[in-house]
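Report on one structure; see the data block that follows.
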Amino acid sequence: QVQLVESGGGLVQPGGSLRLSCAASGRDFSGYRMAWYRQAPGNERGLVAEFTRDRNTNYADSVKGRFTISRDNAKNTMSLQMNILKPEDTGVYYCYARLGAVDLWGKGTLVTVSS
């Protein structure tokens, strides 16, 4: 079964850090676009960071300089290191992969930034 499973969410104070992980299984995900999306309460799901098919990285302007996306193709995993977290970073974070014409999503992990 092809699936994505996120982990690492939780409650953190403003200015703190969290590391999210995405475990991909069921096939080799290397060479495919993978990304992290975020959905805050009352908002649409939006792109946070991505690896394009040509292995470039892109970040939302709001997280540039604070978040770092990485992936380990040998382990079929992707991570998101989040530093200097702000309350507006609160939301459900989803792992995403584009497999040909198929969009694959994880179930999400909740990140809450609050004092």
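Of note:
- Couplings for the stretch 101-115, taken from phi via the Karplus curve 6.51 cos²θ - 1.76 cosθ + 1.60 with θ = phi - 60°, read 9, 10, 8, 10, 10, x, 7, x, 9, 8, 10, 10, 10, 7, 9 Hz in order; Gly and Pro are left as x.
- Distance-filtered residues of the stretch 86-114 - backbone nitrogen under 20 Å, label point 7 angstrom along residue 13 Cα→Cβ: 86-91, 111-114
- Dipole in debye (nearest 20) - the chain, about Cα centre, beta carbon charges: Lys, Arg +1; Asp, Glu -1: 180
- Note on the chain: dipole from Cβ charges, positive end direction compared against 102, 113, 73; the farthest Cα belongs to 73.
- For residue 71, the residues whose modelled amide H falls within less than 5 Å of its own, excluding neighbours fewer than 5 places apart on the same chain, are 79.
- Residue-wise HN-Hα coupling along the stretch 24-29, computed from phi with Karplus coefficients 6.51, -1.76, 1.60 (Hz; x: Gly, Pro): 9, 9, x, 5, 7, 9
- Average accessible surface area per residue within the chain, 1.4 Å rolling probe, Å²: 54
- For a label point 7 Å along the Cα-to-beta-carbon line of residue 30, residues of the stretch 72-115 with backbone N under 20 Å: 72-80, 96-100
- Remark: the stretch 16-22, residue by residue, has Karplus-estimated 3J(HN,Hα) of x, 10, 9, 10, 9, 10, 10 Hz, where x stands for each Gly or Pro and the curve is 6.51 cos²θ - 1.76 cosθ + 1.60 at θ = phi - 60°.
- Set of lysines near residue 64 by C-alpha distance (under 24 Å), chain-local residues within fewer than 8 positions excluded: 86
- Residue (of 60, 85, 30) at the positive-pole extreme of the stretch 1-88, dipole from beta-carbon charges: 30
The values are calculated or read from the model by the stated rules, or taken from the named source; none is laboratory data. Because the structure is predicted, anything quoted here is derived from the model rather than measured. Ideal geometry is used to build each Cβ from the backbone, glycine not excepted, and the neighbour counts take in all protein chains shown. Protein only, heavy atoms only, side chains kept; ligands, DNA and RNA dropped before computing areas. Shrake-Rupley method; radii C 1.70, N 1.55, O 1.52, S 1.80 Å.
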